[in-house]
1. Counting only residues that are basic (Lys, Arg) and within 16 Å of the chain's Cα centre (by Cα), which one in the stretch 50-109 is farthest from MET162 (Cα to Cα)?
2. Just to check your reading of the model, which residue among THR200, THR166, THR213 is β-branched (Val, Ile, Thr), open to solvent by 50 Å² or more (accessible area, probe 1.4 Å) and in contact (Cβ under 8 Å) with a residue 12 or more places away in the chain?
3. Looking at the stretch 173-181, can you tell me whether even one residue there is part of a helix (DSSP H, G or I) and surrounded by 15 or more Cβ atoms within 10 Å (Cβ to Cβ)?
4. Within the set of pairs 6 or more residues apart or between chains, which connect a residue that is in contact (Cβ under 8 Å) with a residue 24 or more places away in the chain and among the hydroxyl-bearing types (Ser, Thr, Tyr) inside the stretch 60-73 to a residue that is open to solvent by less than 80 Å² (accessible area, probe 1.4 Å) and part of a helix (DSSP H, G or I) with Cβ atoms less than 9 Å apart?
5. Restricting to the stretch 175-197, name every residue that is among the aliphatic types (A, V, I, L, M) and either farther than 25 Å from ARG59 by Cα or in contact (Cβ under 8 Å) with a residue 24 or more places away in the chain (or both).
6. I'm checking my understanding of the structure. Among residues of the stretch 1-11 that are touching a residue at least 24 places away in the same chain (Cβ under 8 Å) and of a type outside the set (Asp, Glu), which one is most open to solvent (accessible area, probe 1.4 Å)?
7. Across the stretch 26-42, what is the number of residues that are closer than 20 Å to MET52 by Cα and surrounded by 12 or more Cβ atoms within 10 Å (Cβ to Cβ)?
8. Assess whether VAL14 counts as being open to solvent by 40 Å² or more (accessible area, probe 1.4 Å) and either within 22 Å of GLY170 (Cα to Cα) or in contact with a Ser or Thr (Cβ under 6 Å, 6 or more places away or on another chain) (or both).
Amino acid sequence: MLEDVLAFEHKMTVFARDVQRGTLSHFPSLREFREENTHINCEYLQDAIIEMQTAFGKRFSEFREEKSTLSFPVTPLDIDPSQLNMSAFPGVSQPDLEIELADLADKDLWMSKFKSLTADLEDVARQKAVLAREHKWSDIENLPKPDKLVFETWNAIPNTYMNMKTYAFGVLSIFGSTYLCEQIFSSMNYIKSKYRSRLTDDSLQSCLKLKVTSYSPDIEKLCSDVQKQKSH
């Protein structure tokens, strides 16, 4: 995800230069519009692209600083341990992790695991690019999942390298998006509509839990615990 964001930032530099020159090589629809209308405000478009690029830079500045940390699960031996962020992983000892990295570097058996992982990831990326160019989207779904390949590699590493494994699995557990939060907010807007605007916070919280949880209650036990109402 970080690589895609950084790549898009670099592309916006190309887009801004293209608009400044007036060639519009990367904006065929805009070029066609200019041919029909003879004039467009290229300066305004260039400023808009630069502002967008600046906003991306601010929004993802923290991720850019953590590039070494995010790259650790795939290329742990190519990274300086001093550049890793340890604050998010209190159970990991940096001195022990450094020793484990130094020890692993001389173990051909485990080194080969990461070399194979890199080769497999490159092969998947290459196949994905070819299939995307041919618009074979269903075939892309059948390709090996990169995250699964990474997990399988770390599962094969022995527990004698526990600090490395804990750090790697910690990084891999980071959510790649905010879709869970967005899902909850969408559910909340559906539950607390204008027809149910008087729901209390406690009631809304309970409804949200029922909506988003996968927990299945024991209906028979719940019914047995309910006090039966006596007839009048």
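The values are calculated or read from the model by the stated rules, or taken from the named source; none is laboratory data. All values reported here derive from a predicted model rather than from experimental measurement. Here the Cβ is made from the backbone with ideal geometry for all residues, glycine too, and neighbour counts use every protein chain on show. Accessible surface is based on the protein model in full, side chains and every heavy atom, while ligands, DNA and RNA are left aside. Shrake-Rupley method; radii C 1.70, N 1.55, O 1.52, S 1.80 Å.
1. Going through the qualifying residues, I end up with ARG59.
2. Answer to the check: THR166.
3. no
4. THR69/TYR167; THR69/VAL171
5. Residues satisfying the conditions are ILE184, MET188, ILE191.
6. Once the filter is applied, the top-ranked residue is MET1.
7. Matching residues across the stretch 26-42 total 5.
8. Spelling it out, it is not the case that VAL14 is open to solvent by 40 Å² or more (accessible area, probe 1.4 Å) and either within 22 Å of GLY170 (Cα to Cα) or in contact with a Ser or Thr (Cβ under 6 Å, 6 or more places away or on another chain) (or both).
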